[in-house]
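To keep things clear, I will list the structure first and then write my remarks on it.
The values are calculated or read from the model by the stated rules, or taken from the named source; none is laboratory data. All values reported here derive from a predicted model rather than from experimental measurement. Quick reminder, even Gly has a Cβ in these numbers, built from the backbone with ideal geometry, and neighbours come from all protein chains shown.
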Amino acid sequence: MHAHRGAAMRVRRLARPQRGRTLIEVMIAITIGLMITAGVISIYGANRQTYRASADVQRMQAAGQLALDRLAYQLRMAGYGQINSSDFWLVGNPSNFVGEALRVCSGGFDNPSAATPNCNNVSAQADALAVSYLVGGAAATGSGEGRDCLGATITAANSPIAPQLATRNRFYVANSGGVPTLMCVGNDGVAAPLVPNVEDLQVRLRVGDPFSRTEQIVDPQSAAGWTAAQWGRVLGVELCVQVVSENAGLTTGLQPGVDCQNRAFPNDGRLRRTFTQVVTLRNRVL
């Protein structure tokens with residue numbers, strides 16, 4: 001009897017209907033899961049954006065410093081030549097370098113690879129500069145490494161101041177493979193990229209006054225038409241290099257600060273930084 005009753009109870013328990021989740025419970029669970037997933041995706045996206053921006057800022061810092069280092073080195077060498085032992089005290093002829101040590105063009109060169117390029121004289125565009133100095137040869141032995149800005153060996157055939165061995169390096173900003181780039185043209189007239197993501201170069205001149213022995217700040221556009229003697233009075237150069245991030249979508253709205261031409265940065269989602277330096281021409285004296 002007891003066995004029969006126990007068996008009946010087990011049958012009733014087995015026959016009890018199974019309770020599942022209600023539709024409301026399922027919808028709540030799905031909603032919570034979607035909220036968690038959206039939060040995870042949002043955190044991942046924010047971290048990825050932060051990483052992209054940080055990586056681009058590091059590349060911009062490296063590009064800006066490298067561009068300034070390259071330009072500053074060349075400018076410090078402008079007009080280099082061996083000291084004339086007999087008349088080194090003469091301001092006008094302290095060394096055996098002959099020629100134009102420096103020329104800056106407002107708005108860049110019309111043809112950087114030409115033998116004597118003209119200046120565009122467009123203030124809204126990037127400036128350009130040409131630097132010359134002796135690098136070796138019988139007239140200036142042991143005076144340098146004997147190569148131009150692209151690493152090419154300088155010979156009597158490509159020297160702009162023959163028979164002395166001199167380099168003539170030209171620096172300007174141009175588009176290279178779709179990227180704004182600091183370019184260089186060496187003695188062979190071949191243009192090659194130096195530093196990518198450089199979109200502007202602005203130059204101001206510190207010119208010595210031979211009468212008052214003071215310095216004046218001159219814009220390159222005002223120097224259009226200068227003679228070699230006038231360029232010879234340049235004692236220093238103020239450089240401003242502007243670099244841009246490789247990637248877009250890194251910022252929204254206007255960035256704080258101004259560019260090298262004192263204008264607001266473009267609102268195109270790219271980061272921008274400016275780098276400035278004042279370089280004294282070591283081989284010039286007032």
Restricted to the range 198-221 and to residues being surrounded by 15 or more Cβ atoms within 10 Å (Cβ to Cβ) and modelled with pLDDT under 90, the residue nearest to residue 170 (Cα to Cα) is 221
Output for Cβ contacts, cut-off 7 Å, separation at least six or different chains, first residue without any contact (Cβ under 8 Å) to a residue 24 or more places away in the chain in the range 102-117, second loosely packed, with under 12 Cβ neighbours inside 10 Å and among the basic types (Lys, Arg), reads none
In the range 232-258, residues that are in a loop (DSSP other than H, G, I, E, B) and under 29 Å from residue 101 (Cβ atoms) total 2
*asked:* Is it the case, given these coordinates, that residue 118 is of a type in the set (S, T, N, Q), exposed (fewer than 15 other Cβ atoms within 10 Å of the Cβ), modelled with pLDDT of 90 or more and under 16 Å from residue 183 (Cα atoms)?
replied: no
Log entry, pairs with first residue in the range 154-166 being in contact (Cβ under 8 Å) with a residue 40 or more places away in the chain and closer than 15 Å to residue 130 by Cβ, second being outside any loop (DSSP other than H, G, I, E, B) and not charged (D, E, K, R), beta carbons closer than 8 Å, six or more apart or on different chains, reads 160/132; 160/166; 161/132; 161/134; 166/132; 166/133; 166/134; 166/135
Condition test on residue 73, is it surrounded by 10 or more Cβ atoms within 10 Å (Cβ to Cβ) and at pLDDT below 65?
no
When the range 162-197 is checked residue by residue, the ones that are closer than 21 Å to residue 119 by Cβ, surrounded by 15 or more Cβ atoms within 10 Å (Cβ to Cβ) and in contact with a Ser or Thr (Cβ under 8 Å, 6 or more places away or on another chain) are 167, 168, 169, 173, 174, 183, 185, 186, 187, 191, 194
The lone condition residue 250 fails out of (1) of a type outside the set (Gly, Ala, Ser); (2) loosely packed, with under 13 Cβ neighbours inside 10 Å; (3) farther than 30 Å from residue 77 by Cβ; (4) touching a residue at least 24 places away in the same chain (Cβ under 8 Å) is (2)
In the range 161-209, anything part of a strand (DSSP E or B) and β-branched (Val, Ile, Thr) is listed as 167, 173, 179, 181, 185, 195, 198, 203, 207
